[in-house]
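These notes concern the structure reproduced below.
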Amino acid sequence: MTTSLPPAPTLASACAPALPSSPLLRELPSTMYSLIIATDIRGFGDQRRGADIQRLLRRRHLDHLTCAFAMSGLPLLCTIHSEDRGDGRLMVLPPTVRAVTVTDPLINHLAVLMRQSNRLASPLCRLQVRMAIHIGDIERDDQGVLGQALIHLYRLLDAPAFKAELAAAPGSADLGVLLSEQVHQDAATGLDPNAYRPLHITHKETTATGYLWLPPHYPTHP
């Protein structure tokens, strides 16, 4: 009995356009002015964190984001374009969503969920996340979204000054958030002015001012 081999791929099939990075991608306008959010799990690549721990952290992070979006009255995470970035996520909100309705509600709900989840977690399974929020013009193609606004978002997220602030935060903060100057300005009427402070960042070709949020720390008394 002979076994037939599958047909060799043709040039046309080999060069076919890649599948979109999410099934919702094609529903986005080709260009839009939108809020964009990026996250990064701190220490995800720690050599002590094997694949089982990485899967756990990714699952918990997605669960926290899903719940925080719902609790904040935002479009459900499953209804917006969201890209898995391995150790974090990229989320594109609809152009109709205003910054003032996103920042404080989402940040505070996410912080509470993370604090509750981390309460009994071991050090290796403890989830710490950096989040950056920006707004600007973005475009899409078959692979995902692109544009200078996306580049600026990730310059904020990966800025050494931001990483250092979260690492040095009192009480080992679970969440650190950096708003772009534009988001801070657009959401000013809905922000607690005492909860954010300016942070000068320089990363690659980007020099900018972001606005840092860290969870309040209440020292324990003996």
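The values are calculated or read from the model by the stated rules, or taken from the named source; none is laboratory data. It should be emphasised that the depicted structure is a prediction, and the values quoted were computed from it without experimental measurement. Glycine also receives a Cβ, built like all others from the backbone with ideal geometry; neighbour counts cover every protein chain displayed.
Summary table below
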| quantity | calculated |
| --- | --- |
| Among the candidates Val112, Val100, residue that is free of Cβ contacts under 8 Å to residues at least 40 places away in the same chain, under 19 Å from Leu65 (Cα atoms), assigned to a helix (DSSP H, G or I) and β-branched (Val, Ile, Thr) | Val112 |
| So Ser82, is it at pLDDT below 95 and part of a strand (DSSP E or B) | yes |
| Residue identified as among the aromatic types (Phe, Trp, Tyr), out of contact with any Lys or Arg (no Cβ under 9 Å at 6 or more places or on another chain) and farther than 28 Å from Ala51 by Cβ among Tyr196, Tyr211 | Tyr196 |
| Pair list, Cβ < 6 Å and 6+ apart or interchain, from the stretch 121-143 residues that are at negative phi and in contact (Cβ under 8 Å) with a residue 60 or more places away in the chain to residues that are among the hydroxyl-bearing types (Ser, Thr, Tyr) and surrounded by fewer than 15 Cβ atoms within 10 Å (Cβ to Cβ) | Asp137/Tyr33; Glu139/Thr31 |
| Criterion: touching a Lys or Arg at 6+ places or on another chain (Cβ under 8 Å) and within 19 Å of Pro95 (Cβ to Cβ) - qualifying residue of Asp186, Asp141 | Asp186 |
| Top-ranked residue of the stretch 79-122 - restricted to ones that are farther than 29 Å from Val145 by Cα and of a type in the set (A, V, I, L, M, F, W, C), ranked as surrounded by the fewest Cβ atoms within 10 Å (Cβ to Cβ) | Leu120 |
